[in-house]
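Here is the structure we will look at, set down as structure tokens.
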Amino acid sequence: MNAYTVEARGQPRFKMETDIRIYSRSCGLLMGRTVDISESGIAAMLTLEAPVGEILELEFTLPSGPVAIHAMVRQKNAFRYGFEFVDTDSLHEVIRRTCRDLAVDQSLSSNIQ
């Protein structure tokens with residue numbers, strides 16, 4: 001599996017690059033680009049600042065279609081933000097399946113290279 005982990009995380013991350021729209025109560029609409037996804041959250045690059053700790057609405061597209069989900073800003077490192085999903089009940093299976101499929105795809109592509 002070509003997932004990479006960070007020590008503080010229990011879920012493997014999988015590369016996934018797509019546009020993301022973020023609705024913030026304090027900052028309005030923010031646009032960015034995702035970097036990776038796990039079953040518990042997503043990372044994205046943003047050009048405008050979002051406050052750590054704020055709960056936001058995220059809209060992005062998975063291979064299976066568009067998703068809208070609430071998430072908390074957990075960390076910021078320069079322009080890279082980490083978001084933790086907070087209402088995954090309805091979308092957990094879709095996100096889990098996406099991570100599983102990305103694991104297979106990325107494993108196959110790393111074996112080919």
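A few comments on the model shown:
- Whether region 14-112 is rounded, prolate or oblate, judged on the alpha carbon gyration tensor where a/c under 1.5 counts as rounded: prolate
- Each Lys and Arg adds +1 at its Cβ and each Asp and Glu adds -1 at its Cβ; summed about the Cα centre, the chain shows a dipole of about 240 debye.
- Here the relative contact order of the chain, from alpha carbon pairs under 8 Å that lie six or more residues apart, stands at 24 percent.
- Centre-to-centre separation between the Cα atoms of region 16-48 and those of region 58-113: 11 Å.
- Globularity ratio of region 10-56, using Cα Rg and 2.2 N^0.38 Å: 1.18
- Cβ-Cβ FRET estimate between Gln75 and Ser107, R0 fixed at 22 Å, reported to 0.05: 0.25
- Working note: Karplus 6.51/-1.76/1.60 with θ = phi - 60° gives region 49-60 the couplings 7, 10, x, 4, x, 6, 8, 10, 9, 10, 10, 8 Hz, where Gly and Pro are set to x.
- Scoring 71-79, 11-19 by mean Cβ neighbours within 10 Å over their residues and listing the highest first yields 11-19, 71-79.
- Estimated FRET transfer efficiency (Arg96, Thr47; beta-carbon r; R0 41 Å; 0.05): 0.85
Only the coordinates and a few stated rules stand behind these numbers; no lab work does. Model, not experiment: these values are computed from the prediction. When we count neighbours, we look across all protein chains shown, and the Cβ atoms used for this are built from the backbone with ideal geometry, even at glycine.
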